[in-house]
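The values are calculated or read from the model by the stated rules, or taken from the named source; none is laboratory data. What you are looking at is a predicted structure, and each value in this text was computed from that prediction instead of being measured. Glycine also receives a Cβ, built like all others from the backbone with ideal geometry; neighbour counts cover every protein chain displayed. For the accessible areas, the whole protein counts, side chains as well, though only heavy atoms, and no ligand, DNA or RNA atoms are used. Shrake-Rupley method; radii C 1.70, N 1.55, O 1.52, S 1.80 Å.
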Amino acid sequence: MEVVKISRHAWKDGFIKGAIPQLPLSILNSVIAVCKLSSDLFPERDFSPSSISVTVGLMNVVGCWFGAMPMCHGAGGLAGQYKFGGRTGACVALLGAAKFVLGLVLGTSLVRILSQFPVGVLGVLLLFAGIELAMCARDMNTKEEAFVMLICTAVSLVGSSAALGFVVAMIVYGLLGLRKFACRNEPLDSLTSAEGP
């Protein structure tokens, strides 16, 4: 292992082309979704967005000096681990230790081994992780909440952009809130107009 020398140009280039475009997805999937999913799966524990953000930032700031790929927690990984029995931090620690040992023992040949991994098995794992994530949407109590979630999902899938889905969903949520506010004030307006001369 060696420390990577990162030039000023590389920092600037990475920040503009890598960090800024990745922010919406990282904030949604690595912070907001992880906090929501964690509170659903482990209601007795407290998860704050700031602590999750700090750990993601530390992983990347420290890892980049050793040539690591960008990392995050990810709601899909959490849902998959929970679905397959992982209930404590020891599960993640064991997984990390196993990856570390495999990387040290097998080195670059690990890439060739992983390229032979059957895509069908990965598809099944992702299916179960997706089902676990979808099950967390059961706590939506109103049609408006379900509608906003469906809009976000549809726009993200069709537009191939989580950021676009998030922005459109926020606009729809705001419009629904304005409509609810206008409907709430409407009877007062009709009463005052009825009392007039």
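General observations
- Subset tally (residues that are assigned to a helix (DSSP H, G or I) and open to solvent by less than 50 Å² (accessible area, probe 1.4 Å)) for the range 101-111: 3
- Scan of the range 125-149 for residues that are closer than 11 Å to LYS83 by Cβ and either touching a strand residue (DSSP E or B) at 6+ places or on another chain (Cβ under 7 Å) or without any contact (Cβ under 8 Å) to a residue 12 or more places away in the chain (or both), ordered by number: LEU127, MET135
- Among (1) free of Cβ contacts under 8 Å to residues at least 60 places away in the same chain; (2) closer than 30 Å to ARG8 by Cβ; (3) open to solvent by 60 Å² or more (accessible area, probe 1.4 Å), the one test that LEU114 misses: (2)
- Check on PHE147, modelled with pLDDT of 80 or more and in contact with a Pro (Cβ under 9 Å, 6 or more places away or on another chain): no
- Subset of the range 82-100 that is open to solvent by 60 Å² or more (accessible area, probe 1.4 Å) and among the aromatic types (Phe, Trp, Tyr) - its residue that is farthest from LEU126 (Cα to Cα): PHE100
- A Cβ distance below 7 Å, combined with a sequence gap of six or more or placement on separate chains, defines the contacts here; from the range 41-67, residues that are in contact (Cβ under 8 Å) with a residue 40 or more places away in the chain reach residues that are aromatic (Phe, Trp, Tyr) and surrounded by 11 or more Cβ atoms within 10 Å (Cβ to Cβ) in the pairs LEU41/TYR82.
- Considering the range 1-57, the qualifying helices (runs of 4 or more DSSP H), each wholly inside and each with 2 or more residues that are open to solvent by 50 Å² or more (accessible area, probe 1.4 Å), of a type outside the set (D, E, K, R) and under 22 Å from GLY76 (Cβ atoms), run over 20-25.
- When ARG138, ARG179 are checked against the criterion of being more than 16 Å from ALA33 (Cβ to Cβ) and either modelled with pLDDT of 90 or more or open to solvent by 100 Å² or more (accessible area, probe 1.4 Å) (or both), a single residue qualifies: ARG179.
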